[in-house]
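Participant: After the structure tokens below, expect a handful of questions from me.
No value in this document is a laboratory result; all are computed from the given coordinates. Predicted, not measured: the structure shown is a model, and the values here were computed from it. Note: ideal-geometry Cβ built from the backbone for every residue, glycine included; neighbour counts use all protein chains shown.
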Amino acid sequence: MIRAWEFTAVRLFDQPSFGGSALLARFGWGSQSPAAQSAAWSAPEIHGVGFGQDRLGAPHSMGISSIGFKVLASDTAGDLFVIEHSHLVPGGPPLHLHLYQDEWFYVMEGRVAFQVGDRRVELGPGESVLGPRRAPHAFSSVAAQSRMLIAFAPAGKMEQFFVDGAANPKLARTAEFMSRYEIQYLCPSPFERQGAASSH
């Protein structure tokens, strides 16, 4: 059944004054068979990534977790990069911000504390929080071990940050290193300072 707006669109493309035929021809449509049109819009290659597995076959580590790449920047033409932190232990990255990426966190297991701007929240399985671009943020597991997904949009230089940072996790926490990947270091993790204060 053709809905009214679809019928109107078809009629509009048929009008010589609209130039619909020329527009379709420009993109190789109109004169092609349905089979050829379908081939032109075929689905991208599918990459299944198993539980606890890495898209490239080998996990990465920044010292606080095992990091599995789930969606590569190249899978989405740079629009998205997704990682999974497993075996995430207390401690976390410095307080920092991303110049060009929004960062979305989704807790799968355990409990994780987040600071975004000047607000703090502790989340458990099935809960999430967004760290908007240019918003200072940090996180730390508050359980012995936690698991969570992180999505960066757009991907920017984040995939390369984790590849290079895994080679030297201590260096990856410095301002100079982070700045290469459009990340601004602000100060050590506020959760580390809190832990030191509570131990006295």
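Participant: Using amide H atoms built in the peptide plane, which far-off residues or other-chain residues are under 5 Å from L95 H to H?
Facilitator: Hits under the 5 Å cutoff: L186, C187, S189.
Participant: Please give the contour-minus-distance gain from A77 to D164: 0.36 nm per residue of separation, less the Cα-Cα distance, rounded to one decimal in nm. Could the numbers behind the result be given before it?
Facilitator: Details: separation 87, 0.36 × 87 = 31.32 nm, distance 2.06 nm.
Contour length minus the Cα-Cα distance gives 29.3 nm.
Participant: Placing +1 at every Lys and Arg Cβ and -1 at every Asp and Glu Cβ, with all other atoms neutral, what dipole size does segment 61-143 have around its Cα centre, in debye to the nearest 20?
Facilitator: For segment 61-143, the charge dipole is close to 220 debye.
Participant: If you bin every alpha carbon distance in segment 73-187 into 10 Å steps from zero, what whole percent lands in each bin?
Facilitator: Percent of pairs per bin, in order: 15, 47, 36, 2.
Participant: Continuing with the same structure: Along Cα→Cβ, 7 Å out, is where each label goes; now give me the distance between the ones at E109 and Q145 in nm to one decimal.
Facilitator: Placing both labels 7 Å along Cα→Cβ, they lie 0.6 nm apart.
Participant: In nm, give the distance between the simple-model label positions of L99 and E127, each being 7 Å from the Cα along the Cα-to-Cβ direction.
Facilitator: Those two pseudo-labels are separated by 3.4 nm.
Participant: With a 10 Å Cβ neighbour count serving as the proxy for reagent exposure, in which order, fewest first, do S66, S179 appear?
Facilitator: Working: S66 16, S179 12.
Listed from fewest to most nearby Cβ atoms, that is S179, S66.
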